[in-house]
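J.: Attaching a single structure in structure tokens format; questions to follow.
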Amino acid sequence: MGHSLQPKPWQRTLLSTATSLAIASAGIMGFAGSASAQEDTFKVGLVTFLSGGASGPFGVPAAQAAETVIKAINEGTLPKPYNTKGINGLQLESVVIDEAGGPTKQVEEYRNLVQRQNVDAVIGYISSGDCLAVSPVAEELKTFTIAFDCGTPRLFPELESPKYFFRTGLDATADNVGAAHYLKETRPDITRVAGIQQNYAWGQDSWNDFQLSMKQLMPGTEFVDNQTPQIFQGSYGTEISALQTSRPEIVHSSMWGGDMEAFVTQANVRGLLDQATAVLTTGESGFNRFKDQAPDGTIIGGRGPFGAFMPENDLSEWFSKAYEAQHGVPPSYPSSKMAQALLALKYAADNSGAEGKPSDEQLASTLKSATFESVSGTVRMALSGGHQALQPMLYGEYYYSPETGPELRNIRSYTGACVSPPDGHDAQEWIENGFPEANCN
Amino acid sequence: MMRLRKTEISLVVAALVLGLSSLISPDWLVFTSTLAVAAALVVMGVVMLMRAGLISFGQGLFYCTGGYAVGLGGRFLGVTDALALVGMGIVATVALAMVLGLLLTRYREIFFAMLTLAFSMILYGVLVKSHGLGSTDGFSVVNWSILGYQPDQGHQSATGLWLAIVLALAAALFLNRYFQSSIGLACEAIRENEVRVEYMGISRRQVLYINYVIAAALGSIGGSLTALTAGHVDPTMAYWTISGEFVFIALLGGTGHVAAPFVAAFIFILVRTYAVELFPNSWQLILGIVLLLIILFLPKGIWSLFTRTRRAEA
Amino acid sequence: MLTIWAILIDGLIYASWLFLVAAGLTVIYGVMRILNMAHGSLYALGAYASASSIGWYYASGGDQLWIAFALLASCAIVIGAIAGFIMERGILRLMYGRDEVLMLIVTFALLLILEDLMKLAWGTTPYFAYQPYAALGRFNFGVLSVSGYQIMVVGVSVVVGAILWFWLERTRTGKILRSIIHDREVSEAMGVNVRRMFTMTFVIGASLGAIAGGVTAPIISVVPGIGVEVIVVAFAVVVTGGLGSITGAAIGALIVGLARAASIHTMPQLELFIIYAVMASVLIFRPNGLFGQATARKI
């Protein structure tokens, strides 16, 4: 009945010795800690999705952008004002960690990065859950940490008096308030709005903020349906049928990545997008991929002035060229956001006034409430006590032709003060009270 | 009785050694060790069920309940004592397990596995739907104290480790006796041949029910400890792949000894964290290969490396 | 009234997809008593093979739809068969005679390995081979529309189901397989080469899983991780229908499909648990699934 696979005595001894050695060496490796960063390099930990559904559209492009930017920083080939070699003279060395596995695991990995691998700073985090779990740990371990992409509006309200944790990206509130403004300006006559969001915190928050904003800005709107398929479901046949039966004029979606592309294709073929216009708050990540599957006029956003929405300046032009040369495609918004976070790090280090390697405190106090130049224009760390970036929100319409490729038309920009609540205001209440203190000029 | 005492003494010694090592270990290792001990607790529950011939892909249900009890207790009821929070978790979980056990003990093998998986995923769905509880983001756990002792900055991890060790030691000593007790032996008998057990006048359902509820309680303690250590709870704790990890660790260690889940949990967590560090793009591959090798060459788990008794294969 | 039609159509479409995914899984379990967790990876393999072959075809200037379909089907079947053969011969064979549970964990390990192998081979960028899906257009019924491609998928699953049924019920090999399903030891005693049958069954089951993936690829965006998402749903259908029964898989798929469509159209809050609720409900009344056979206990 098959030969026995019980190990023979010598195999057993070998195996037990090998296992004991392995366990012992793991323990010793642990005690010794990996080679700590030398004094003339600055070690930054990068945390982003390298596996799973978020790796393709977000994690890997961000990691690739980091490669491009770090190489340029070390060579000193960035445009002004970042044209010095290294950060504060130190060469930048990176350690990349996969963000997969859930918040508890990421807390463990963050501690490993800081305490075992002895990184000097951490940049990363796409998933809101990870940001929320890691931010208190960053404060506990007193390590300079920049979140570059996660979109939860709850981040700073939940983090009491942050000192070391920063976010250089915008949150879901900004995305959806901006979308509502865009609709008010470009499609003032619509009344029937539906939505389709992935069924998790990001999707729920997005739809909530969008609904509240629309109620303020376009009070006559009727919300006819909101579908909430599972994340990574991939096939939306039934959801599209349900949407069709409710006959919307606008379909709002915060879906991203493969799900977004699949939904757009399916909705297009089924004819839903003949009847309705889609508003995709993360649509820019599909800008170079939709081809003719997204109908002309689809409204897309890039979570701010990123990717195809980058303004024309030295940094963005350099970045687009360098990224495309190294990776073959133009950068999408996750890549731009990672570049921005690295530029923030360089800014903080160069201007920290430190001799040699700046401490976490020096980096933090330099970046707090700072204003710096980036691929997205000027960034002001003006919210949440100087820890959250304030930037404009942009939306545009997607057009495609086989000869000229994809382009954005009818781009509108809304200032940061228009789409983000000022300090001290809870996002939902701010919207429900009619955006007090907002400045939309 | 001599053998029992010897095992128990060695368990106590091992626990002390682990606890004292926290004085010289780097902080990250203390943290990782605490997570490993917490995982081992859940795995002990899986092992209990495996000894009765049942594979549960749904221990995540109790793991998550324990964790959320800690989170909710701290956030909404203002409880900050760690032991009280763990206790709340146990109460909630045992209540849940007593209800579910009535249904689940009717099933065996694959159906048991699938039903436990289903209930775990139902909890996941409920938590994801609940916007108020933060959905997939979860929420953070309050700063906790033990019986009035508030750990200061540098000692938080060590306190967590000691708490975990004490609870795990208590569970291990209990299980050591349990496995030798009439109920524990009845479980193994059920795995071998249910009908004979019934003929002998023992109620299978009762035995399995008690077994299931105790395993659930262990899962809850593990979840509570994880929540206290990591400072965060989220619905992923109830996802089936987490339960799969526990089964993985259970098989890694084998069902031979009470200490096996601990050894296996440490190895698993260390292998995984080094795999993630050294092979960020292919750590799942490494994990899968290691698992395959263990199954092919050490079918009774890693613990079989250390025991002398072996049954000769026919 | 419109909603009822929508539920029926959507339910049928989803059920046909479920059946395609679950058929291979149930055949393998029935014959070999292996609940193959790596079935999801085979599905993903088929999807990647189809998507990349279609993508390559269209990128190199091809535009014949029938060639794209031929590529889709053949690449998926071939890669499924090869992967299945290697898995069975290479690894599973070493485990026969051991605990059923260990088999499950071995397939779990294979799932982990295959996930990363696919990621290394195909990268993380989503593969978006939408051309066959777009080309088949849609049919409008008033406000509703049905995509031509989805109708084709229904057709494919009916054909696959019919072939499987015919093979199991009417051919000699099928009867031998059914005898193995019923009682492996006795079949072996009667001279059946069970090992060879196992290999054949596994290869066929793997190919079925790959075909399901291949057929689905033009609809979705193929990314790492789609295999893992599919497993739980496939398991639920298989267990509901009764392990080892093709008819059970079909009926189970129909029930789950219709229930899900009904919940999405009428009570979207339930969508996340409807599959598990259906499975749990069926198991309460029929502990072995709808068409499962209660196995005799050896005393």
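The values are calculated or read from the model by the stated rules, or taken from the named source; none is laboratory data. Treat the numbers as computed from the prediction; the structure is a model and nothing was measured. Glycine also receives a Cβ, built like all others from the backbone with ideal geometry; neighbour counts cover every protein chain displayed.
For (1) closer than 22 Å to A:Ser336 by Cα; (2) of a type outside the set (Gly, Ala, Ser), each residue gets a yes or a no:
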position	(1), (2)
A:Gly45	yes, no
A:Leu50	yes, yes
A:Gln64	yes, yes
A:Leu90	no, yes
A:Lys142	no, yes
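J.: Restricting region C:19-47 to residues that are β-branched (Val, Ile, Thr) and at pLDDT below 90, which is surrounded by the most Cβ atoms within 10 Å (Cβ to Cβ)?
T.: Within region C:19-47, the match that is surrounded by the most Cβ atoms within 10 Å (Cβ to Cβ) is C:Thr26.
J.: Is it the case that B:Ser203 is of a type outside the set (Asp, Glu) and surrounded by 20 or more Cβ atoms within 10 Å (Cβ to Cβ)?
T.: For B:Ser203, the condition - of a type outside the set (Asp, Glu) and surrounded by 20 or more Cβ atoms within 10 Å (Cβ to Cβ) - is not met.
J.: A further question follows. Do we find that B:Arg106 is assigned to a helix (DSSP H, G or I), touching a residue at least 40 places away in the same chain (Cβ under 8 Å) and either within 24 Å of B:Leu251 (Cα to Cα) or not hydroxyl-bearing (Ser, Thr, Tyr) (or both) in this structure?
T.: no
J.: Can you name every one of the helices (runs of 4 or more DSSP H) wholly within region C:152-267 that holds 2 or more residues which are surrounded by 24 or more Cβ atoms within 10 Å (Cβ to Cβ), more than 14 Å from chain A (Cβ to nearest Cβ) and under 14 Å from the mean Cα position of the chain (by Cα)?
T.: C:194-216, C:226-241, C:246-266
J.: Sort out which residues of region B:10-32 are under 30 Å from B:Ser181 (Cβ atoms) and hydroxyl-bearing (Ser, Thr, Tyr), and write them in order of number.
T.: B:Ser10
J.: Right, here's the next one. Just the residues that are within 14 Å of another protein chain (Cβ to nearest Cβ), crowded, with 18+ Cβ neighbours inside 10 Å and β-branched (Val, Ile, Thr), please, taken from region B:134-182.
T.: Those that are within 14 Å of another protein chain (Cβ to nearest Cβ), crowded, with 18+ Cβ neighbours inside 10 Å and β-branched (Val, Ile, Thr): B:Thr136, B:Val141, B:Thr159.
J.: Same structure, new question: Name, by its number, the condition in (1) surrounded by 18 or more Cβ atoms within 10 Å (Cβ to Cβ); (2) under 18 Å from the mean Cα position of the chain (by Cα); (3) closer than 30 Å to A:Glu140 by Cα that does not hold for A:Gly307.
T.: The one condition A:Gly307 does not meet is (3).
J.: Could you pull out the residue among A:Val134, A:Val114, A:Val95 that is under 29 Å from A:Gly356 (Cα atoms), surrounded by fewer than 22 Cβ atoms within 10 Å (Cβ to Cβ) and in contact with a helix residue (DSSP H, G or I) (Cβ under 9 Å, 6 or more places away or on another chain)?
T.: Exactly one residue qualifies, and that residue is A:Val95.
J.: Report, by residue number, each residue of region A:385-415 that is small (Gly, Ala, Ser) and either surrounded by fewer than 23 Cβ atoms within 10 Å (Cβ to Cβ) or touching a helix residue (DSSP H, G or I) at 6+ places or on another chain (Cβ under 6 Å) (or both).
T.: Hits for region A:385-415 are A:Gly385, A:Gly386, A:Ser401, A:Gly405, A:Ser413.
J.: Tell me which residues, restricted to region C:122-150, are part of a helix (DSSP H, G or I), more than 7 Å from every other protein chain (Cβ to nearest Cβ) and in contact with a helix residue (DSSP H, G or I) (Cβ under 8 Å, 6 or more places away or on another chain).
T.: Hits for region C:122-150 are C:Trp122, C:Gln131, C:Pro132, C:Ala135, C:Tyr149.
J.: A further question follows. With the checklist (1) more than 21 Å from the chain's Cα centre (by Cα); (2) in contact (Cβ under 8 Å) with a residue 40 or more places away in the chain; (3) under 16 Å from B:Phe174 (Cα atoms) in hand, flag the one item B:Arg51 doesn't pass.
T.: Looking at each condition in turn, B:Arg51 falls short on (1).
J.: State all residues of region A:156-170 that are at pLDDT below 90 and either assigned to a loop (DSSP other than H, G, I, E, B) or crowded, with 20+ Cβ neighbours inside 10 Å (or both); if no residue qualifies, say none.
T.: Within region A:156-170, A:Leu159, A:Glu160, A:Ser161 qualify.
J.: Looking at region B:131-170, which of its residues are farther than 30 Å from B:Glu8 by Cβ, assigned to a helix (DSSP H, G or I) and modelled with pLDDT of 80 or more?
T.: Within region B:131-170, B:His131, B:Gly132, B:Leu133, B:Ser135, B:Thr136, B:Asp137 meet the criteria.
J.: Here is a follow-up. Quick one: is A:Glu261 acidic (Asp, Glu), buried (at least 24 other Cβ atoms within 10 Å of the Cβ) and within 9 Å of another protein chain (Cβ to nearest Cβ)?
T.: Taking the combined requirement at face value, the residue satisfies it.
J.: Still on this structure: Determine which single condition A:Gly356 fails, assuming it passes every other condition in (1) touching a Gly at 6+ places or on another chain (Cβ under 7 Å); (2) at pLDDT below 90.
T.: So A:Gly356 meets the others, but not (1).
To keep it simple, each residue is scored yes or no on (1) surrounded by fewer than 22 Cβ atoms within 10 Å (Cβ to Cβ); (2) more than 23 Å from B:Met98 (Cα to Cα); (3) among the aliphatic types (A, V, I, L, M).
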{"residue": "B:Ala216", "(1), (2), (3)": "no, no, yes"}
{"residue": "B:Ser220", "(1), (2), (3)": "no, no, no"}
{"residue": "B:Ser224", "(1), (2), (3)": "no, no, no"}
{"residue": "B:Gly231", "(1), (2), (3)": "no, yes, no"}
{"residue": "B:Ala238", "(1), (2), (3)": "no, no, yes"}
{"residue": "B:Phe246", "(1), (2), (3)": "no, no, no"}
{"residue": "B:Gly256", "(1), (2), (3)": "yes, yes, no"}
{"residue": "B:Val271", "(1), (2), (3)": "yes, yes, yes"}
{"residue": "B:Val276", "(1), (2), (3)": "no, yes, yes"}
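J.: Is it the case that some residue within region C:17-36 is out of contact with any Asp or Glu (no Cβ under 6 Å at 6 or more places or on another chain), farther than 30 Å from C:Val192 by Cβ and of a type outside the set (Val, Ile, Thr)?
T.: Yes: one or more hits.
J.: Look at C:Ser41 and say whether it is within 20 Å of the chain's Cα centre (by Cα), within 14 Å of chain A (Cβ to nearest Cβ) and closer than 18 Å to C:Pro224 by Cα.
T.: For C:Ser41, the condition - within 20 Å of the chain's Cα centre (by Cα), within 14 Å of chain A (Cβ to nearest Cβ) and closer than 18 Å to C:Pro224 by Cα - is met.
J.: It is to be established whether one or more residues within region B:208-224 are out of contact with any strand residue (DSSP E or B) (no Cβ under 9 Å at 6 or more places or on another chain), more than 23 Å from B:Ile183 (Cα to Cα) and of a type in the set (A, V, I, L, M, F, W, C).
T.: Within region B:208-224, not a single residue is out of contact with any strand residue (DSSP E or B) (no Cβ under 9 Å at 6 or more places or on another chain), more than 23 Å from B:Ile183 (Cα to Cα) and of a type in the set (A, V, I, L, M, F, W, C).
J.: So, B:Gly256, is that one over 21 Å from B:Ser33 (Cβ atoms), more than 14 Å from every other protein chain (Cβ to nearest Cβ), in a helix (DSSP H, G or I) and under 18 Å from the mean Cα position of the chain (by Cα) or not?
T.: Considered against the rule, which asks whether it is over 21 Å from B:Ser33 (Cβ atoms), more than 14 Å from every other protein chain (Cβ to nearest Cβ), in a helix (DSSP H, G or I) and under 18 Å from the mean Cα position of the chain (by Cα), B:Gly256 comes out as no.
J.: Return the residue satisfying two criteria in turn: it lies in region C:135-151 and is without any contact (Cβ under 8 Å) to a residue 12 or more places away in the chain and on the phi < 0 side of the Ramachandran plot, and of such residues it is surrounded by the fewest Cβ atoms within 10 Å (Cβ to Cβ).
T.: C:Asn140
J.: Within region A:175-196, is there a residue that is within 11 Å of chain C (Cβ to nearest Cβ), surrounded by fewer than 24 Cβ atoms within 10 Å (Cβ to Cβ), more than 21 Å from the chain's Cα centre (by Cα) and free of Cβ contacts under 8 Å to residues at least 40 places away in the same chain?
T.: no
J.: Can you spot a residue in region A:234-248 that is farther than 28 Å from A:Pro331 by Cα, in a helix (DSSP H, G or I) and in contact (Cβ under 8 Å) with a residue 40 or more places away in the chain?
T.: Yes, region A:234-248 contains a residue that is farther than 28 Å from A:Pro331 by Cα, in a helix (DSSP H, G or I) and in contact (Cβ under 8 Å) with a residue 40 or more places away in the chain.
J.: Same structure, new question: Looking at region A:38-155, what strands (runs of 3 or more DSSP E) fall wholly within it and have at least 2 residues that are under 30 Å from B:Ser224 (Cβ atoms) and within 11 Å of chain B (Cβ to nearest Cβ)?
T.: A:41-48, A:91-98
J.: Among A:Asn83, A:Asn88, which is the only one that is in the same structural domain as A:Cys150 (by TED's automatic domain parsing), exposed (fewer than 15 other Cβ atoms within 10 Å of the Cβ) and modelled with pLDDT of 80 or more?
T.: Of A:Asn83, A:Asn88, the one residue that is in the same structural domain as A:Cys150 (by TED's automatic domain parsing), exposed (fewer than 15 other Cβ atoms within 10 Å of the Cβ) and modelled with pLDDT of 80 or more is A:Asn83.
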